[in-house]
Amino acid sequence: MGYSPFYMVHGRKPRLAEDPERPAILTETNDLTDKYNARLRKFDHLHKAQQTAIERQVAAAHRVEDQYRQLGDGQRFNANEWVMIRNMKKTKLAPDFYGPVRVVKQMPFYTYKLALLNGDEIPELFHNERLQRCKIGELVPQREWAKVSVKLKQRIDEQENKEHKPGDTN
């Protein structure tokens, strides 16, 4: 055969440290220009793919922005309206909403300053996505366990009032 294993694997003569001159990797200039042009075409293809990805990303961002604007513009609250606050950190038995609370003032970026039932203002601002209109005037049907607890509380209050009357001698 007469060929080295390196030549059999790589198709060129090996470069040895004791060689006086370096062997040329590519001898023909046509090979260099072909490889250069192939690499340019590859980079051009990658650049076009990158531009397409950027355009798609920008289009998706515009779609999300439009959806956000539609959601934000659709629901506005006025001062003194009653709203419920959505529970964003819901655990297993936690309620879906907290409230009712009163809208005190509308702030920038669809946020609202709210106040509790006793009139104390909540220091944080709440975005309108977390708020839902609440109708205080409506009677909400109580669950059976809530009715029992209300009746029990009334009995306890009546007993405490009887015990603490000043004119009572019992």
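What follows is calculated from the coordinates using simple rules that are stated; it is not laboratory data. All values derive from a computational prediction rather than experimental measurement. Please note: Cβ atoms are built from the backbone with ideal geometry, for glycine as well, and neighbour counts cover all protein chains shown.
Give me the number: length gained by fully extending ALA49 to LYS135, i.e. 0.36 nm times residue separation minus the C-alpha to C-alpha distance, one decimal in nm.
Gain in length upon complete extension: 25.6 nm.
Do any of LYS113/LYS162; LYS48/LYS89; LYS89/LYS162; LYS89/LYS135; LYS90/LYS162 go past 32 Å between their Cα atoms, and which?
LYS113/LYS162; LYS48/LYS89; LYS89/LYS162; LYS90/LYS162
Taking the Cβ of MET84 as the centre, find all other residues whose Cβ is under 12 Å away and add up their charges (Lys, Arg: +1; Asp, Glu: -1). Provide the component values of the computation, followed by the final result.
On the way: positive: ARG86, ARG102, ARG130, ARG133, LYS135; negative: GLU81, ASP96.
Surrounding charge for MET84 is +3.
Where Lys and Arg each count +1 and Asp and Glu each count -1, what net charge lies around ASP96 among other residues with Cβ under 12 Å from its Cβ?
Details: positive: ARG86, LYS89, LYS90, ARG130; negative: none.
Local charge sum for ASP96: +4.
Using per-residue counts of other Cβ atoms within 10 Å, averaged over each peptide, order 125-132, 154-161 from highest down.
Working: 125-132: 16.9, 154-161: 9.8.
The densest-packed peptide leads the list: 125-132, 154-161.
Give me the extension gain from LEU16 to LYS35: residue separation times 0.36 nm, minus the current Cα-Cα distance, reported in nm with one decimal.
Taking 0.36 nm per residue and subtracting the Cα distance, the gain is 4.3 nm.
On full extension of the chain, what length is gained from GLN67 through LYS105, given 0.36 nm per residue of separation minus the C-alpha to C-alpha distance?
That pair, GLN67 and LYS105, stretches by 11.2 nm at full extension.
Give me the net charge for the shell around ALA115: Cβ to Cβ below 15 angstrom, other residues only, Lys and Arg +1, Asp and Glu -1.
Residues close to ALA115 contribute a combined charge of -1.
How far apart, in nm, are two points set 7 Å out from the Cα along the Cα-to-Cβ line at ASP96 and at LEU117?
For the pair ASP96/LEU117, the computed spacing is 2.1 nm.
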